[in-house]
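Rule-based calculations on the coordinates, nothing more; no lab input. Computed from a predicted structure; not experimentally measured. Methodologically, a virtual Cβ is constructed for each residue, glycine included, from the backbone with ideal geometry; neighbour enumeration extends over all protein chains shown.
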Amino acid sequence: MNEINKEEFKKDIENYAKVLFRKSIKEASDQEKFQAVSYAVKDIVVDQWMATHKTYEEQDVKTVYYLSMEFLTGRALGNIIINLKGNKAIKEAVEELGMNLDVIEDQEPDAALGNGGLGRLAACFLDSLSTLGYPAYGCGIRYKYGMFKQVIENGYQIEKPDDWLKNGNPFEIKRPEYAVEVKFGGYVAMRKDEFGRDKFVQENYQSVLAVPYDLPVVGYNNNVVNTLRIWDAEAIDTFNLDSFDKGDYQKAVEQQNLARTICEVLYPNDNHMAGKELRLKQQYFFVSASVQRAVAKYMEKHDDIRKIYEKVCFQLNDTHPTVTVSEFMRILVDDYGLEWDEAWSITNKTCAYTNHTIMSEALEKWPLELFSRLLPRIYQITEEINRRFILQIQAAYPGDNSKVEKMAIIYDGQVKMAHLAIAASFSVNGVAKLHTEILKNQELKDFYQMMPEKFNNKTNGITQRRFLLHGNPLLADWVTKKIGDDWITNLAHINELGIYADDELSRKEFMNIKYQNKVRLAKYIKEHNGVEVNPRSIFDVQVKRLHEYKRQLLNILHIMYLYNELKKNPEMDFYPRTFIFGAKASAGYHRAKSIIKLINSVGDVINNDKDIHDKIKVVFIENYRVSNAEIIFAAADVSEQISTASKEASGTGNMKFMLNGALTLGTMDGANVEIVDEVGKENAFIFGLSSDEVIAYEQNGQYNPRDIYNIDSDIRAVMTQLVDGTYASGNLDEFRDIYNSLLDGNGGRPDMYFILKDFRSYADAQKRVEAAYRDEEGWAKSALLNVSKSGKFTSDRTIEEYAKEIWHLEKVTVEVPEDDE
Ligand code: H2P
């Protein structure tokens, strides 16, 4: 890679401040400085970006299109700088101009184009694809507003719009030359094509112009820059001007409105997604644009559409982009005139699907009425796919109509997107071993029995470049000092740290770094929450999307119990603990929002109670997002991964904590199982029902939380406090819905997430955590071993598996021509 020339770089920054803002660096605001530095960095990136695409063209590479409604990339500048290995030169240049790089990086809004794990996984995958040199496009939506900004007022979550583009995004490049039209509504008519053959055409539709914006995805120190292409919608007035001629003014206005609304908001991971028309529009919008463009790009260099699967693979990130299947069929059949069977066989070689959850609320189903009205031609095609798929089911299970009921794509007035994705894909993967087994043996059992060859596992991973190298520079430098820097691109090497777990001095150094990171987080908490926390206490952290199955409620109920114990016996031997939460609840998910209120209310009472001498602190970090996550992971001692077994498909936070030397307190769920496999049960705290036990209870319905309530007085005390006003200034109803959900059920069974059932076992595990932490040497050893065993959980490993086993991609090396000055 070409060296960054510091002096030239400085000139570049000054020049951008001048042309963009007509200011000198001294006069520029922090935001303007951020823009100027970013443009200077982009200058370097663009050379590599162009060189990468030239190489791809010359070598006619196969490309994966990672289709995802979410890419939670966070901030770009810091990450690009470390991947350019430009940290030293750029930091010096910035400082010599009288600026501070941390302050500059802090000016960048997070690109919060995702809800949680699914979107962040997509961002980690892009980082790995570029770093490994695999040709890829990320394809998504340029939401005008990202995930809402969470403000806590009076303990309640308030959602504020995240106008992340308001100052402009210095890294994006608009590509109007690749804009395409996307059509909605109208009807399908049979017309003659130029050769007199019958052809289906959509008429009287509304349409929008999909316009791509490209963002660079910079590989680590290898000149490879892939593209994250996010689509924006613009009104097409030139296409349908005749509507004005006909006086159809209404329709033209509707088109304008459609364009305006389509990319406005990112949908929250609600537990009632059903039937949101705009969401289906968003899905078809970005899928149609991406697939049209992928086909057009392929046809620019090739003449046989039948071989497109040799150069293109569509990876469907969850069911959200599943209309890809029907859209691709539409293009092959309607636009290229292929016979159905041939088109289907090509589609089957091009599409692959990843399932990220077994929560039924997330398996998308669309009402037939909506689907057929909005996407009339796509609906016809989906119907034909369904008709043929049913024949296949009947041939596999003659006479067994229950299989058709369970597996059909269209049934009961709904289009089932997961079924469509499975029927059309050559690969169906889960995201952790346990999750894939549950898919095969429970959720998707019928599909697995009929098509076992499609199913495979790809355990998730995370990028160590953001979550260690960038997020935890102290530990990153220490690791490099001990074992060299190979871990940055080959995390398996981190295993070599293992020998230092037995070395007293190394353990001390390691724990001292943890301490400094805790001081950094304590400072952040003081600044943002006004709460003083003790960096010598155990930092016990649960950060993730708020959902009942993730059981933040179990955590806070246990804190209420601990507090009761301390109140009963203020002098009890108790190791000080700081419980840290970070979570957004989707705006329409009332119970989740109530749990946030409970956490804050409990925190208010406990944090202000002088009797307990600061032995417990409860902190809710507002607006949890990628940028503050980096600080939080680095400072954690205990990683709370306490989902109801079987419900968390994988988890990726668990991996980020492990990499940063926190010990897992968790259930045998998702990738926790594989973490424990790597690190050993003795270096983690495992509790609770197994997934088999949970599934058995769910199937035979024997569990009654009242039995536990009746015999366990500690649990009863905590439950009572939910409804006696203890944490709600006397408002007895504030947490009654939570109470009901645990004991009486409130829409569904009581305690569907087995919180009371697992309570004791969790409390015991927490006691083990405390005992273990008191043994300083033992803890340091376990924490260091966790870091050293995290090699498997890099997204580089995950992407190697996808690339070899699903996508069949070849690695590329890229040279950037030297400047010829
Ligand atoms: C989901 C799953 C996680 C998984 C992640 C990525 C949907 O993320 O629930 O278990 O690790 O996808 O595969 P999340 O809950 O964080 O939104």
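See the values below:
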{"item": "Sequence-distant aspartates and glutamates (8 or more away, or on other chains) whose Cα lies within less than 15 Å of K514", "result": "D477, D540, E630, D637, E776, E777"}
{"item": "Cα gyration tensor category, rounded, prolate or oblate, for the stretch 194-353 with a/c compared to 1.5", "result": "oblate"}
{"item": "Size of electric dipole in the chain: Cβ of Lys, Arg +1 and of Asp, Glu -1, about Cα centre, debye, nearest 20", "result": "920 debye"}
{"item": "Positive-end residue of A123, G98, P109, charge dipole of the stretch 92-133 with Cβ unit charges", "result": "A123"}
{"item": "Extension gain from D477 to Q31, taking 0.36 nm per residue of separation minus the Cα-Cα distance", "result": "157.6 nm"}
{"item": "Distance from the stretch 448-466 to the stretch 34-84 (C-alpha centre basis), Å", "result": "26 Å"}
{"item": "DSSP-defined antiparallel bridges as percent of all bridges, the chain, nearest 5", "result": "45 percent"}
{"item": "Estimated inter-spin distance, E159 and D733, nm [label 7 Å along Cα→Cβ]", "result": "2.4 nm"}
{"item": "Largest-first principal axis extents, alpha carbons of the stretch 371-518, Å", "result": "71, 34, 25"}
{"item": "Whole-angstrom gap from the stretch 92-139 to the stretch 283-330, using each part's C-alpha centre", "result": "27 Å"}
{"item": "Sites N710 and K508 - FRET efficiency at Förster radius 45 Å, r taken between beta-carbons, to 0.05", "result": "0.35"}
{"item": "Karplus (6.51, -1.76, 1.60) ³J(HN,Hα), θ = phi - 60°, over the stretch 669-680, in Hz, Gly and Pro reported as x", "result": "9, x, 6, 3, 4, 6, 5, 5, 4, 6, 9, x"}
{"item": "Positive-pole candidate from I632, A592, F581, dipole of the stretch 570-637, charges at beta carbon", "result": "A592"}
{"item": "Neighbour-count ranking [beta-carbon atoms within 10 angstrom, fewest first] of D751, D486, D796", "result": "D486, D751, D796"}
{"item": "Flagged links, alpha-carbon separation over 31 Å, of K433/K518; K149/K251; K166/K349; K550/K781", "result": "K433/K518; K149/K251; K166/K349"}
{"item": "Computed label-point distance, nm, for sites Y397 and R774 using a 7 Å Cα→Cβ extension", "result": "5.6 nm"}
{"item": "Å³ per residue enclosed by the Cα convex hull of the stretch 330-393", "result": "121 Å³"}
{"item": "Listed residue (V208, T667, S788) projecting farthest to the positive dipole end of the chain, Cβ model", "result": "T667"}
{"item": "Integer Hz, Karplus 6.51/-1.76/1.60 couplings in order for the stretch 642-650, x for Gly and Pro", "result": "10, 4, 4, 3, 5, 8, 8, 4, 9"}
{"item": "Rg followed by Dmax, in Å, when the stretch 572-634 is reduced to its Cα trace", "result": "13.7, 42"}
{"item": "D744, D609, D341 arranged by Cβ crowding within 10 Å, fewest neighbours leading", "result": "D341, D744, D609"}
{"item": "Cross-link reach list, aspartates and glutamates versus K584, counting only Cα pairs under 13 Å and skipping chain neighbours closer than eight places", "result": "E159, D270, E548, E622"}
{"item": "Contact order normalised by residue count of the chain, Cα under 8 Å, 6+ apart, percent", "result": "14 percent"}
{"item": "Simple spin-label estimate for K567 and A189 in nanometres, 7 Å along Cα-Cβ", "result": "7.4 nm"}
{"item": "Shape call, the stretch 47-173: gyration tensor on alpha carbons, a/c limit 1.5", "result": "oblate"}
{"item": "Those trypsin sites (Lys or Arg not before Pro) in the stretch 1-57 that DSSP places in a loop and that have at most 13 other beta carbons within 10 Å", "result": "R22, K26"}
{"item": "Long-range amide H partners of F539 with built H, under 5 Å", "result": "T578, D637, V638"}
{"item": "Computed [θ] at 222 nm, deg cm²/dmol, the chain (DSSP H ≥ 4; -39,500 (n - 2.57); rounded to nearest 500)", "result": "-14000 deg cm²/dmol"}
{"item": "All lysines inside 18 Å of K567 as judged from Cα atoms, apart from same-chain residues fewer than 8 positions distant", "result": "K610, K615, K617, K767"}
{"item": "Over the chain: Rg over Rh, Cα atoms, Kirkwood Rh", "result": "0.97"}
{"item": "For the stretch 762-774, Karplus couplings with θ = phi - 60° (6.51, -1.76, 1.60), whole Hz, Gly/Pro x", "result": "5, 4, 5, 4, 5, 5, 5, 4, 4, 4, 5, 5, 5"}
{"item": "Descending semi-axes in whole angstrom, ellipsoid equivalent of the stretch 533-666, from the Cα gyration tensor", "result": "24, 18, 14"}
{"item": "Likely footprinting exposure, R373, R465, fewest C-beta neighbours within 10 Å first", "result": "R373, R465"}
